[in-house]
Structure formats: structure tokens, C-alpha cells
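These notes concern the structure reproduced below.
The values are calculated or read from the model by the stated rules, or taken from the named source; none is laboratory data. Please read all numbers here as calculations on a predicted model, not as lab measurements. All Cβ positions, glycine included, derive from the backbone under ideal geometry; neighbour counts span all protein chains shown. Areas reflect the complete protein model, heavy atoms only, side chains present, ligands, DNA and RNA absent. Shrake-Rupley method; radii C 1.70, N 1.55, O 1.52, S 1.80 Å.
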Amino acid sequence: MKFHITTFGCQMNVHDSQWLTRALESRGWQEAGEDEALVYIFNTCSVRDKPEQKVYSEIGRIAAHARRDPRVFVAVGGCVAQQIGRGFFERFPFVRLVFGSDGIAGAPNALERIVAGSDERAALLDFMPAYEEREAALEQSAGSAAGSGRQAFVTIMQGCDNFCAYCIVPYTRGRQKSRHPDAVVEECRALVDSGVREITLLGQNVNSFGMDKGGAGVSFGGLLRQVAAIKGLDRLRFTTSHPKDIAPEVIAAFGEFETLCPSLHLPLQSGSDAMLKAMRRRYTLGHYMGIVEALKQARPDIVLTTDLIVGFPGETEADFQATLDALAAVGYDSSFSFKYSDRPGVAAVNMEPKVDPQVAAERLMRLQTLQNSITRKCLKMLVGTETDVFVEGLSRIQGGDAPSWKGRDPAGRVVNVRMEYGGCEDAGDLVGMMVPVRITEAKKYTLMGEGTGTPW
Ligand code: 5AD
Ligand code: SF4
């Protein structure tokens with residue numbers, strides 16, 4: 001059976017889609033282009049209104065195809081599926097499966113049953129009381145460094161208990177459920193044994209790993225220690241972190257483990273204590289800045305990135321100014337910034353006064369302008385320095401004699417490297433290799449470099 005997956009949203013969704021792809025391939029299904037598929041799977045995101053609307057318009061595009069060919073159907077997974085549930089069946093007659101974040105483990109079998117004709121429609125929307133192990137699917141799908149079997153994500157937990165006032169995630173992904181640490185370490189070890197060099201540990205709030213029953217008494221710091229000790233692993237990352245839960249042992253780990261990459265995504269959301277309180281973030285800017293200080297002490301070259309929301313209900317110009325000041329004070333390499341958007345059922349829906357959409361749009365633009373200038377400064381400082389780039393694929397733009405490769409430095413910045421390898425006609429394949437590189441130029445968001453030594 002030919003299937004096509006479209007993924008929206010966070011890295012958890014990207015990883016879920018990769019797993020689902022491999023689980024279906026192991027059942028003999030083939031991933032196909034948009035024109036050839038018979039089963040269309042949408043892995044969705046409802047964290048903001050815009051991506052949610054996109055889901056409906058993308059699913060709508062399948063309607064004509066489904067009318068022409070009765071074999072064609074759609075499966076919807078992820079956060080919008082959890083939120084809308086069976087509502088999808090009424091809205092689109094050709095949607096035959098909906099599955100939530102805990103239901104994904106059963107999705108491959110459900111899809112098989114539908115194709116075999118034994119199920120007309122199915123909904124996998126129940127939240128499980130504990131993390132449900134999925135069937136192992138270690139082989140990587142093609143087309144990237146993940147395709148070369150060198151890069152992998154490993155889920156360490158599901159869900160979130162924080163209920164930040166703006167966020168729908170606790171409703172769509174359910175309560176926090178840590179995976180058993182032994183299962184995590186075992187999967188990481190198996191991945192490294194199969195040739196994986198870089199692992200990213202994933203969870204909505206990895207710092208609170210083990211604070212529920214599933215962690216078997218092992219904290220996130222403890223888990224990190226075990227994974228970092230795996231021989232043969234070159235790079236270890238984790239995301240996402242909540243500032244209120246980051247433990248001193250995790251901060252110290254950045255100075256202790258060479259494999260732990262010097263980068264941390266630490267969502268601030270706002271630089272105003274009044275807004276942080278209204279957002280129910282449970283830290284102050286002062287506390288956050290203390291963490292930043294400690295991180296820089298543990299690892300002076302650490303690179304920080306963040307998420308920010310502008311136009312949260314009640315945000316004044318002074319509150320917004322505090323966010324700009326925090327942005328400049330931390331000096332984030334890059335940030336994701338969003339206009340607050342009302343999400344069904346979250347606490348902030350009932351908070352007043354709402355910020356005028358035009359004011360919010362203007363604040364977002366000012367914030368992004370400031371971020372761009374900080375990003376440019378951060379990148380410019382790197383020109384002339386040497387680093388190792390882990391090659392993920394060919395660059396989008398080619399030209400000149402040698403091929404151009406896209407990869408990442410240890411901090412996760414994108415570096416395009418022009419380099420011949422192997423001297424053979426097709427220039428050899430650098431995907432999945434580390435290349436010693438000198439940075440030659442800073443572009444707006446990325447770096448350019450040249451290879452200086454033998455790839456390894
Ligand atoms: N409106 C705008 N941004 C939001 N985010 C989460 N919920 C909302 C919302 N309702 C942002 C936060 C979070 C990121 C993944 O999305 O910044 O960290
Ligand atoms: Fe949403 Fe807050 Fe949980 Fe992050 S920590 S997923 S922002 S509720």
C-alpha cells in the first residue's frame with residue numbers, strides 16, 4: 001500500500017512520523033509522493049491557530065482524489081486529531097482514522113485493518129495511564145542524515161503537567177508520562193550500535209523526567225549521565241526544557257560531558273514578571289537569568305535559543321519592552337516568536353484585556369528585527385573560527401566546482417560547506433560524517449565554511 005505522511009509542528013511530531021513511516025514500511029507499505037499515494041496521513045499540530053487551519057485546508061485538498069478513487073482515505077494524527085476527534089469523520093467523509101498522541105502506537109495495525117476492509121472507521125483517542133512502549137523500528141527512513149542512520153530522536157516522555165495559561169498541549173498530549181529509563185538507555189545503545197552518532201532526547205518538558213511514576217526514581221540528570229556515557233555517541237542533545245525544572249546537575253552536565261552539545265533551547269516566553277505570572281510559568285526573569293549565568297559558567301561557549309510570545313492578554317508596552325531587554329541581555333543566537341493566539345479550553349481565553357492584533361503584529365515585528373540583529377552579530381563573531389560540522393545532506397543551493405554540503409556545528413547552527421570528498425566523480429558522500437571546517441562567512445541565518453581536514 002502506498003502512503004504519504006505530512007507533518008506539522010514540533011520535533012515530537014517529526015519523530016512520531018518517522019516512527020510511523022518505519023512501522024508501516026516493516027508491514028510492506030511504501031512511502032510515496034503526493035500524487036501516487038492512496039493513504040494520506042496528517043500528523044497535526046494545534047499549538048497555535050494558524051497551523052490548525054492549515055491542517056483543514058490540506059486535508060480538503062484530498063477530497064477530489066478520494067471522490068475519484070474509493071481506495072483513497074485520510075488518517076489524522078497528533079494534537080488536532082486529539083482535540084477534534086471523531087469530529088473529523090463528520091467534516092470529511094474520507095477521513096477513516098483519527099489517532100491521538102497515545103493512540104499512535106496502535107495506528108499501524110488500525111491502518112492495516114482499514115485497508116483490509118475489516119474496519120470502516122477507527123478512533124484511537126484514549127490517554128494511557130503510563131508511557132506505552134512502541135514496537136522497535138530502528139532503521140531510519142531515507143533522505144537525510146537520519147536516512148544515513150547517523151542521527152536519531154529518542155522519546156523519553158509524553159505529555160505535560162504544567163498547564164501554562166496559553167497552552168493546549170496538556171489537553172492534547174495528556175498528563176506527563178516518563179518512559180522507563182532502562183528502555184530509553186537500551187534504545188540509545190541499540191541506535192549507537194547500529195551507527196547513530198547523534199541522539200536528541202525528546203519530551204515536552206524533559207527536565208521533569210522522572211517526576212511521575214514512570215521514571216522509576218531516575219531524574220533527568222541521571223538519565224543524561226547514563227546516555228552520555230554510551231561509547232561511540234558523538235553528539236547528545238535534548239529538548240524542550242522548562243526553566244522552572246532545570247536541575248543544577250543538568251546545568252553542571254554541560255561542563256562534564258563532552259558529548260553533550262553546547263546548546264540549550266530554554267523557552268522564556270516573556271521578559272516581564274507580570275506576564276510570566278499571568279502565563280503561569282512559575283519563574284521570574286531573575287530566576288531565569290540566574291540559570292543563564294550558571295549555564296555560561298558551566299560551559300562558556302553555550303548557545304541559547306528560546307520561544308517568546310507577544311501580545312499575551314494584558315501585555316503593556318512596558319511588559320513588551322522587558323521582553324526586548326531580556327532578549328538583548330541573554331543574546332540568544334536565535335528565537336522562535338509568536339503572537340498569542342486563543343486556543344480552545346486554555347486559561348488565557350478568559351483573560352482580559354486582549355491585545356489589539358495590530359499592536360501584537362507590530363510588537364512581533366520589532367522583536368524579530370532585534371533578534372535578527374543579535375543573530376547577525378552572533379554569526380559574524382564566528383567567521384575565522386574552526387569547528388566540526390556534522391553533515392546532514394547536500395545544500396539547497398549548488399554551484400561552483402565542489403558540491404556544497406549542509407550540516408550543523410556542535411551548537412546546532414546550520415553551516416554550508418563546500419567540499420570535494422573522495423576525489424571520485426560524484427564527489428563521494430559526506431552525509432553522516434563530521435567535517436573539520438573553518439567558518440568563512442556569515443549569512444543572515446546561516447554560516448558558510450570550507451573543509452580543512454579529513455572527514456571522520
Ligand atoms: N499562542 C501563541 N504561542 C503559543 N505557544 C504555545 N501556545 C501558544 C499560543 N496559544 C508557543 C510557545 C511555545 C511554543 C511551542 O509555541 O512559545 O513554547
Ligand atoms: Fe505547553 Fe507549558 Fe507544557 Fe510547554 S511547559 S507544553 S508551554 S503547558
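Scanning region 60-81 for residues that are open to solvent by less than 20 Å² (accessible area, probe 1.4 Å) and without any contact (Cβ under 8 Å) to a residue 12 or more places away in the chain gives no hits.
Output the number of residues of region 148-189 satisfying the condition of being part of a loop (DSSP other than H, G, I, E, B) and within 9 Å of ligand 2 (Cβ to nearest atom). Qualifying residue count for the region: 12.
Given the structure, is Ser263 at pLDDT 95 or above, within 22 Å of Arg408 (Cα to Cα) and touching a strand residue (DSSP E or B) at 6+ places or on another chain (Cβ under 9 Å)? Full working, then the answer.
Working: at pLDDT 95 or above: yes; within 22 Å of Arg408 (Cα to Cα): yes; touching a strand residue (DSSP E or B) at 6+ places or on another chain (Cβ under 9 Å): yes.
For Ser263, the condition - at pLDDT 95 or above, within 22 Å of Arg408 (Cα to Cα) and touching a strand residue (DSSP E or B) at 6+ places or on another chain (Cβ under 9 Å) - is met.
Within region 223-240, the set of residues being over 14 Å from Met157 (Cα atoms) and not β-branched (Val, Ile, Thr) comprises Arg225, Gln226, Ala228, Ala229, Lys231, Gly232, Leu233, Asp234, Arg235, Leu236, Arg237. Of the residues making up region 169-178, not a single one is under 30 Å from Val435 (Cβ atoms) and either modelled with pLDDT of 90 or more or touching a helix residue (DSSP H, G or I) at 6+ places or on another chain (Cβ under 9 Å) (or both). Within region 306-353, the residues that satisfy the criterion of being in a loop (DSSP other than H, G, I, E, B), more than 12 Å from ligand 1 (Cβ to nearest atom) and touching a strand residue (DSSP E or B) at 6+ places or on another chain (Cβ under 6 Å) are Tyr332, Asp333. Sub-6 Å Cβ pairs linking a first residue in region 156-173 that is on the phi > 0 side of the Ramachandran plot to a second residue that is near ligand 2 (Cβ under 8 Å from one of its atoms) and part of a helix (DSSP H, G or I), at least 6 apart or interchain, are Phe163/Pro170, ordered by first then second residue.
Listed residues Ala123, Ala81; which is closer than 24 Å to Pro344 by Cβ, at pLDDT 90 or above and not in a helix (DSSP H, G or I)?
Working: Ala81 fails: not in a helix (DSSP H, G or I).
Exactly one residue qualifies, and that residue is Ala123.
Restricting attention to region 236-285, the residues that are within 13 Å of ligand 1 (Cβ to nearest atom), open to solvent by 10 Å² or more (accessible area, probe 1.4 Å) and touching a Leu at 6+ places or on another chain (Cβ under 7 Å) add up to 2. Just to be sure before I move on: is Val154 closer than 30 Å to Lys406 by Cβ, within 19 Å of the chain's Cα centre (by Cα), within 16 Å of ligand 1 (Cβ to nearest atom) and among the β-branched types (Val, Ile, Thr) in the structure I sent? It is false that Val154 is closer than 30 Å to Lys406 by Cβ, within 19 Å of the chain's Cα centre (by Cα), within 16 Å of ligand 1 (Cβ to nearest atom) and among the β-branched types (Val, Ile, Thr).
In region 397-421, the residues that are assigned by TED's automatic domain parsing to the domain that holds Lys444 and among the acidic types (Asp, Glu) reach residues that are open to solvent by less than 70 Å² (accessible area, probe 1.4 Å) and not in a loop (DSSP other than H, G, I, E, B) with C-beta atoms within less than 6 angstrom, at least six apart or across chains, in these pairs: Asp409/Thr387; Asp409/Val389; Asp409/Val415.
All conditions in (1) modelled with pLDDT under 90; (2) in the same structural domain as Glu25 (by TED's automatic domain parsing); (3) in contact with a helix residue (DSSP H, G or I) (Cβ under 8 Å, 6 or more places away or on another chain) hold for Ser46, with the sole exception of (1). If you go through region 1-57 and keep only what is farther than 25 Å from Asn109 by Cβ, part of a helix (DSSP H, G or I) and of a type in the set (Asp, Glu), you end up with Asp49, Glu52. Counting the residues of region 315-330 that are within 14 Å of Ala360 (Cα to Cα), buried (at least 20 other Cβ atoms within 10 Å of the Cβ) and of a type in the set (Val, Ile, Thr) gives 1.
Just wondering, is there one or more residues in region 58-74 that are in contact with a helix residue (DSSP H, G or I) (Cβ under 9 Å, 6 or more places away or on another chain), in the same structural domain as Asn13 (by TED's automatic domain parsing), of a type in the set (Phe, Trp, Tyr) and closer than 30 Å to Tyr166 by Cβ? For region 58-74, residues in contact with a helix residue (DSSP H, G or I) (Cβ under 9 Å, 6 or more places away or on another chain), in the same structural domain as Asn13 (by TED's automatic domain parsing), of a type in the set (Phe, Trp, Tyr) and closer than 30 Å to Tyr166 by Cβ: absent. Every listed requirement among (1) on the phi > 0 side of the Ramachandran plot; (2) open to solvent by less than 30 Å² (accessible area, probe 1.4 Å) is met by Ile199 save one, (1).
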